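The values are calculated or read from the model by the stated rules, or taken from the named source; none is laboratory data. Model, not experiment: these values are computed from the prediction. Here the Cβ is made from the backbone with ideal geometry for all residues, glycine too, and neighbour counts use every protein chain on show.
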Amino acid sequence: MNDPKDRKQDQDPLLLDHEYDGIQELDNNLPRWWVWLFYLCTLFALLYMGYYHVLGKGDLQIAAYTKEMTLGDAIKDAAQQKFESTLGSLEPSRDLVVLAKGGQVFTTYCAPCHRNDGGGLVGPNLCDDYWIHGDKFGDNLKIVITGVPEKGMLTWKGVLTPSDIHAVASYIFTLRGTHPPNPKIREDQAPVPTEVFE
């Protein structure tokens, strides 16, 4: 009744003879599309390896990245030089969108040294009529671009885009004549002497 020979005759012809823990394996062929996809992937891998690694005809990732960075830097430098060549003729923007962008840039990058209201903290007061490095709009642009490294102001040339530099300089220009609370005194004035109690 339970003869193994009888069981073999009754079983599915796709089942293989061996089994593991009661699990039998089917002897199915892989779908043709899957086999051809495997062959094409293998062929592509061999061609890729030959073209890029054996023959050295194509750029590897680091070389392609370096080329793109060189091209990007050239475009950025050209835009910066074009912007810097027009500094003398630029006027502060009165466009509210540009001023809002300038205020955003000022809050992000300038406020830690000049305060949010421009009254000065580590950096000088930007609200009075005394300007250390020139009071013209072009002077403001130059200072934002080149910074004042000897006084601790960073060079923003590589950090901010030309449009951001124009926007923040325009925003700074609107701060002139405002009266923030407790502004920093002019840097050309002597500090007020304080009494020392012993």
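Check off (1) surrounded by 10 or more Cβ atoms within 10 Å (Cβ to Cβ); (2) in contact with a strand residue (DSSP E or B) (Cβ under 9 Å, 6 or more places away or on another chain) for residue 17 and give me the number that stays unchecked.
Unmet condition: (1).
Hey, residue 74 hits all of (1) closer than 30 Å to residue 59 by Cα; (2) crowded, with 19+ Cβ neighbours inside 10 Å but one; which does it fall short on?
(2)
Among all residue pairs at least 6 apart or on different chains, which show Cβ distances below 7 Å where the first residue, located in region 133-162, is within 14 Å of residue 87 (Cα to Cα) and the second is modelled with pLDDT under 90 and among the small types (Gly, Ala, Ser)?
Close Cβ pairs (under 7 Å, with a partner that is modelled with pLDDT under 90 and among the small types (Gly, Ala, Ser)) amount to 138/88; 162/79.
Restricting attention to helices (runs of 4 or more DSSP H) lying wholly within region 1-96, give those where 1 or more residues are under 30 Å from residue 163 (Cβ atoms), under 35 Å from the mean Cα position of the chain (by Cα) and at pLDDT below 95. It would help to see each step written out before you state the result.
Values: elements: 4-10, 32-48, 61-85.
In region 1-96, 61-85 are the helices (runs of 4 or more DSSP H) which contain 1 or more residues that are under 30 Å from residue 163 (Cβ atoms), under 35 Å from the mean Cα position of the chain (by Cα) and at pLDDT below 95.
Residue 25 passes all but one of (1) touching a His at 6+ places or on another chain (Cβ under 8 Å); (2) touching a residue at least 40 places away in the same chain (Cβ under 8 Å); which number fails?
(2)
If we keep just the residues of region 77-96 that are touching a helix residue (DSSP H, G or I) at 6+ places or on another chain (Cβ under 8 Å) and small (Gly, Ala, Ser), which is surrounded by the fewest Cβ atoms within 10 Å (Cβ to Cβ)?
Selected residue: 88.
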